[in-house]
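Taken together, the values in this text are just the output of simple stated rules run on the coordinates, not laboratory data. These figures come from a predicted structure and were not determined experimentally. We place every Cβ from the backbone using ideal geometry, glycine too, and count neighbours over all the protein chains shown.
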Amino acid sequence: MTSADTITVQQAASLSSDEQGLVVLSTLRANGTIQSSLVNAGVLAHPATGETILAVVAAGPVKLANLRARPQVTATFRNGWQWAAVEGHAELAGPDDPQPWLDAEGLRLLLRAIFTAAGGEHDDWDEYDRVMAEQRRAAVLIRPDRVYSN
């Protein structure tokens, strides 16, 4: 592949399938600089539209504040020297970011679906649900605008 190769979101995500969907997620700060962090991401169907998206479970004031104000996001997957980037716009869904198409039960199931799509497993789903609620975790649903690789 060359740097101009366009690939699918699924192909990009497959690069980190051996690492529970680890990606570098980059958002834009108010001052125009980039804020990046390592997160788990998975590919699934958008719960309202059915379109293929990249999704992350997020918490914390910085990343979510950045995404609320500037929803542009890039997720970079890698495996050795092979890499792929997914650029897109994020839609947040969570206790502090309600969506008309998602109720509390839907959010609980969506957070589980994102976790498992990223390769996660859990021995106690009730505990997982409790922690997600306590930490006010949000689903970050990334609609891909551009996907490319080296």
Notebook entry, point to check: Short version: ³J(HN,Hα) in whole Hz for each residue of the range 59-65, in order, from phi by Karplus 6.51 cos²θ - 1.76 cosθ + 1.60 (θ = phi - 60°), x for Gly and Pro, what are they?
Noted result: 8, x, x, 6, 4, 5, 5
Next item on the list: Give me D for the range 5-149 in µm² s⁻¹, whole number, from Stokes-Einstein with Rh from the Kirkwood sum over alpha-carbon pairs, 4 °C and 1.567 mPa s.
Entry: 85 µm²/s
Check: What 222 nm value per residue comes from the helices of the chain, counting each DSSP H run with n ≥ 4 as -39,500 (n - 2.57) and dividing by all residues, nearest 500 deg cm²/dmol?
Finding: -7500 deg cm²/dmol
Notebook entry, point to check: Could you give the nm distance between label points at Asp145 and Ala30, where each point is 7 Å from its Cα heading toward the beta carbon?
Noted result: 2.2 nm
Item checked: Cα shape, the range 99-150, gyration tensor, a/c 1.5 rule -> oblate
Checklist line | Charge dipole (debye, nearest 20) of the range 5-149; +1 at Cβ of Lys and Arg, -1 at Cβ of Asp and Glu | finding: 640 debye
Check: Tell me, in nm to one decimal, what length is gained between Leu38 and Arg136 on full extension, where the rule is 0.36 nm per residue of separation less the Cα-Cα distance?
Finding: 33.4 nm
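Multiply the residue gap between Trp125 and Gln82 by 0.36 nm, knock off their C-alpha separation, and tell me the result in nm, one decimal place. Kindly include the intermediate steps, with their values, before the conclusion.
Details: separation 43, 0.36 × 43 = 15.48 nm, distance 3.40 nm.
Length gained between Trp125 and Gln82: 12.1 nm.
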